[in-house]
Amino acid sequence: MKQIFSLLVISIALFNCKTTTKKEKITGLITEKAMVVSAREEASKIGVDILKKGGNAFDAMVATELALAVAYPYAGNIGGGGFMVYRKNDGEIGALDYREKAPLAAEKDMYLDDNGNVIKGKSTIGAMAVGIPGTVAGVFAAHKKFGTLSIQEILQPVIELANKGVIVTKKQEARIKKYQPAFKKANKSLIILDSVWKENDIIKYNALAATLERISKNGRDEFYKGETAERLVKFMQANGGIMTLEDLAKYEVKWRKPITFNYDDLKIISMSPPSSGGICLAQIMNGIESYDLDKFGHNSTKAIQVITEAERRAYADRSFFLGDPDFVNIPLETLISKEYTNGRMDNFSFEKATKSEDVAHGTVEMIESDETTHYAIVDQFGNAVSVTTTLNGAYGSKMYCSDLGFFLNNEMDDFSSKPGVPNMFGLIGAKANEIAPQKRMLSSMTPTIVEKDGKLWMVVGTPGGSTIITSVLQTILNVHEFGFGMQEAVNQPRFHHQWLPDVIMMEPNKFDKKTITELEKVGYKINQKDAPVIGKVEGILVLQNGKLEGGADPRGDDKALGY
Ligand code: DON
């Protein structure tokens, strides 16, 4: 908690300086007017070029999203979905849900065998794992409501990039190699990424260019009702999928009211259900607000304890209460209220870790009746968009439609296939997130915008499955509580707790040994093996002088560009 108007702040600031000046201060790209931060330089460049042409943040959203579909097939997509949170320069805020939906033929137990056990891989690899994609509908909805340039003008550089080709980076070379066995398993014939691709090779995506060309010419319905829809459904059904033309024709985005809450002098604006992101972030931040994190120190034993315990309780609630709000009643106002969370933290003590087995979801009076990529954009007019988009796993279901040039998601795994059985992120779900036709699966994606003193302050988000929420949290805290700049905040080592399994995951060899010993002493289990990287954050911070600082995560090939 930071009382910024008290004298205390001066001493805290000095303290922060002391703790952070040990290492040389790292600053991200600083620009005067506008910026795009994304997972690939090519996508950031196309987004910024649109801004330079006079397009606004929403025009740049369309361009960046589709450029990522070309340049970053690992997660960028037209075969997946996502969420956008926006804040316009007049302070208007909103959220767009273009999350995938379960097909009409989906059933509650579709991933269970005759004995009621989850069939390994059925919700993660191949055609049965695929939800109805929302990305094309998403970009068209954003453009229709707020865009200023024509779709053709926005898509033209994206189509050019696909035809011209994209340079393979070192990290991409390794990723492609790693997933080639899975590509072979999921596809009947060889796909473009089955070839040997080395750093600095150029991959041309001509089939995707042709698909984007048709979308540019014929609009949104090309993907949902046109020739592309027909070719996609033919491909899905030939591969044993259940997607139909009716599924595509029925797909609609939803404009949602974002989750908003205050933390000290910040107003946080984040994604509402069907993402759990905003609610969990609110619960965790409400739970930690009364503790003097800044005094405890960045990644200190006490700071990690408080954050972990708030996370534990929030994720327990997530698994019980949250799902698609169009299908289940979520006690949203209660869950994000300060009173509710304070009550949940009552039994926390610094002396002893709470056990997850002793934490269930909270008691809420139900008045009525829960591999991805992020990009952040600020335009010259002061509009901001924060978008997280995904195929779910790396390259989604690994199924690649060579005819149309894109991977299909495996988002169905974000549903709870069976109560109590963890999904690929170890998340446990319950009835609220069970499968039903046309339902949206619960997400952790947390595209977030933060205001300070009523003005735009930060645009932030990340991939990372269940670790998304806790990575966004730590990035905000790193700046607000611990005095880091945007790039520094993104670079800091991260940790994560999600109730079950009852462990603190830590990026390996980045945390103080003494801190780890102290945590273990009071009963925390630490896992430094299974999460070599937690999150891959992109952020933009509005500095006191009005300039923008980008934070592009060095854990990937991410890039901030602007002017
Ligand atoms: O919506 C979700 O929560 C997941 N499908 C996100 C997946 C993800 O972030 C994978 N990236 N590492």
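Laid out as a table, the results:
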| item | result |
| --- | --- |
| For the range 318-327, 3J(HN,Hα) per residue [Karplus equation, 6.51 cos²θ - 1.76 cosθ + 1.60, θ = phi - 60°, Hz, x = Gly/Pro] | 3, 5, 9, 8, 9, x, 5, x, 7, 10 |
| Sorted largest first, extent of the range 190-266 alpha carbons per principal axis (Å) | 53, 41, 30 |
| Positive-end residue, the chain charge dipole about Cα centroid, Cβ charges, pick of Gly116, Asn478, Ala249 | Asn478 |
| Quotient of C-alpha Rg and 2.2 N^0.38 Å, computed over the range 251-303 | 1.45 |
| Hz values of 3J(HN,Hα) by residue in the range 385-390 - Karplus curve (6.51, -1.76, 1.60), Gly and Pro given as x | 10, 10, 10, 10, 9, 7 |
| The chain, helix-only ellipticity at 222 nm - DSSP H runs n ≥ 4, -39,500 (n - 2.57), divided by all residues, nearest 500 | -10500 deg cm²/dmol |
| Counting all C-alpha pairs of the range 56-130, share separated by more than 16 Å (%) | 66 percent |
| Order by protection proxy (mean Cβ within 10 Å, highest first), peptides 398-406, 260-268 | 398-406, 260-268 |
| Per-selection Kirkwood Rh - the range 131-178 (Cα, Å, 1 d.p.) | 13.5 Å |
| Nearest-20 debye value, the chain charge dipole, Cβ charges on Lys, Arg, Asp, Glu | 1160 debye |
| The range 426-563: proportion of alpha-carbon pairs further apart than 23 angstrom, % | 43 percent |
| Computed over the chain, the ratio Rg/Rh where both radii use C-alpha atoms and Rh is Kirkwood | 0.95 |
| Distance from the range 509-563 to the range 102-117 (C-alpha centre basis), Å | 38 Å |
| Residues Val196, Val306, sorted so that the one with the fewest Cβ neighbours within 10 Å comes first | Val196, Val306 |
| Cross-link table Lys45/Lys198; Lys254/Lys431; Lys338/Lys510; Lys108/Lys234; Lys439/Lys529; Lys355/Lys513, entries beyond 27 Å C-alpha to C-alpha | Lys338/Lys510; Lys439/Lys529 |
| Expected-Rg normalisation [2.2 N^0.38 Å, Cα atoms] applied to the range 238-388 | 1.26 |
| Least to most buried among Met458, Met84 (fewest other Cβ within 10 Å first) | Met458, Met84 |
| Kirkwood Rh and Cα Rg combined as Rg/Rh, the range 285-342 | 1.08 |
| Radius ratio Rg over Rh of the range 37-190, counting only Cα atoms, Kirkwood formula for Rh | 1.04 |
| Residues Lys234, Lys302, sorted so that the one with the fewest Cβ neighbours within 10 Å comes first | Lys234, Lys302 |
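No value in this document is a laboratory result; all are computed from the given coordinates. Predicted model, so just to flag it, every value in this text is computed and none were measured. Positions of Cβ are backbone-derived with ideal geometry, glycine not excepted, and every protein chain shown enters the neighbour counts.
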